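So the structure is just underneath, and the comments pick up after that.
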Amino acid sequence: MSHPDKSLWVEALKNELNNLISRGFFIETTLPKSSQPVGNSVQFKRKFDSNGKLIKNKIQICAQGFSQKHGVDYNDTFSPTGKFSSLHCLLAVAAHKGLEIHHMDAVAAFLNLTLEEEIYKTIRSFSSACSSNKVWKLKKPLYGLKQSSRYWYLELTSFFKSIKLFPRKDDSFLFISNYVGWQCFVHIHVDDMTIASNKIGKFKSLIIERFEMEDLGPANFVLGIKLTRSKATKEIFLSQTSYVKELLHEYDMLDC
């Protein structure tokens, strides 16, 4: 690797490998003669704040879902993604009712899930933990598998219903509780959660008991959107300055 940020990416890779190993996502084994492994891929991601400043480099080791065979490696795959229009509605309701808006991120979202299918994945020799003549037998749904998001969706839906948060009919990843004394709205985009509630601490304590979460505190930057709030006027202003700058940089128009 000759990238200027080589040390940051190497550290990110170590973190990802250690995360998968320590959490039991796979066991290293020899591929059975009757089995065909799915492919391997690596995603490089950068996380930025609302001003476009780099927060961290992140690597995800994934499976190549396109190499899976239906009826062998997977069956059902449906999983929703929270609509942006639902996020806008959540923010509008929060502004009108004066609800707190916080942001949480699921750490290793598939950690508590168990993969039902028998799937083997090819690996690269990232480290001494990976032998070139071995494969990974996956124990948990890994990013990239066609059914992984569905496992997460079903697990989340079951949990939210257990704490009396129910999905809207027009958006299965917008959960609402509107009981006397507790108003709570949760919008989910993959493993990002935007929560609006009059008792934000109650929701956090419940979900942290079930899943490992990163508490990002009051939401000021959600899914690439900067939030600027005025409680006095009950308004929330949305902007995507960093995204605009990113586009201008991509097309060499920063000085236009």
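The values are calculated or read from the model by the stated rules, or taken from the named source; none is laboratory data. Note that the structure is predicted; figures quoted are calculated from it, not measured. All Cβ positions, even for glycine, are placed from backbone atoms using ideal geometry, and neighbour counts span all protein chains on display.
Tell me the residue from 83, 69 that is surrounded by fewer than 17 Cβ atoms within 10 Å (Cβ to Cβ) and either under 27 Å from residue 151 (Cα atoms) or not β-branched (Val, Ile, Thr) (or both), please.
Exactly one residue qualifies, and that residue is 69.
Working carefully through the options 52, 39, find the one that is at positive phi and modelled with pLDDT under 95.
52
Which pairs do you get when a residue that is at negative phi, found in the range 215-239, comes within reach of a residue that is aromatic (Phe, Trp, Tyr), reach meaning Cβ atoms under 8 angstrom, with the pair 6+ apart or on two chains?
Within 8 Å, the pairs are 227/221; 227/237; 228/237; 229/237; 230/237.
Kindly indicate whether residue 85 is out of contact with any helix residue (DSSP H, G or I) (no Cβ under 7 Å at 6 or more places or on another chain), within 26 Å of residue 197 (Cβ to Cβ) and hydroxyl-bearing (Ser, Thr, Tyr).
yes
So which of 43, 36, 60 ends up being part of a loop (DSSP other than H, G, I, E, B) and in contact (Cβ under 8 Å) with a residue 24 or more places away in the chain?
Answer to the selection: 36.
Pull up the range 25-74, narrow it to residues that are among the polar types (S, T, N, Q) and within 21 Å of the chain's Cα centre (by Cα), then point me to the one that is nearest to residue 216 (Cα to Cα).
Looking at residues that are among the polar types (S, T, N, Q) and within 21 Å of the chain's Cα centre (by Cα), I get 50.
Can you confirm whether the range 194-204 contains a residue that is β-branched (Val, Ile, Thr), within 27 Å of residue 109 (Cβ to Cβ) and in contact with an Asp or Glu (Cβ under 6 Å, 6 or more places away or on another chain)?
Within the range 194-204, one or more residues are β-branched (Val, Ile, Thr), within 27 Å of residue 109 (Cβ to Cβ) and in contact with an Asp or Glu (Cβ under 6 Å, 6 or more places away or on another chain).
Right, residue 20: under 22 Å from the mean Cα position of the chain (by Cα), farther than 14 Å from residue 121 by Cβ and modelled with pLDDT under 90 or not?
No, not satisfied.
Working carefully through the options 195, 188, 207, find the one that is assigned to a helix (DSSP H, G or I), under 16 Å from the mean Cα position of the chain (by Cα) and in contact (Cβ under 8 Å) with a residue 12 or more places away in the chain.
Answer to the selection: 207.
Applying the selection to the range 63-89, what residues are in a loop (DSSP other than H, G, I, E, B) and within 28 Å of residue 174 (Cα to Cα)?
75, 76, 77, 78, 79, 80, 81, 82, 83, listed by residue number.
For residue 176, only one of the following conditions fails: (1) out of contact with any helix residue (DSSP H, G or I) (no Cβ under 8 Å at 6 or more places or on another chain); (2) hydrophobic (A, V, I, L, M, F, W, C); (3) at positive phi. What is its number?
(3)
I'm trying to understand the selection: among the residues of the range 36-75, which are among the charged types (D, E, K, R) and more than 15 Å from residue 115 (Cα to Cα)?
The answer is 45, 46, 47, 49, 53, 56, 58, 69.
Being in contact (Cβ under 8 Å) with a residue 40 or more places away in the chain, farther than 30 Å from residue 194 by Cβ, charged (D, E, K, R) and out of contact with any Leu (no Cβ under 6 Å at 6 or more places or on another chain) is the requirement here; does residue 5 meet it?
no
Being touching a Leu at 6+ places or on another chain (Cβ under 7 Å) and farther than 12 Å from residue 102 by Cα is the filter here, so list the residues in the range 189-202 that pass it.
Across the range 189-202, the qualifying residue is only 189.
Counting only residues that are loosely packed, with under 11 Cβ neighbours inside 10 Å and within 20 Å of the chain's Cα centre (by Cα), how many does the range 215-252 have?
1
Among the candidates 205, 162, 172, single out the residue that is touching a Gly at 6+ places or on another chain (Cβ under 9 Å) and more than 20 Å from residue 95 (Cα to Cα).
172
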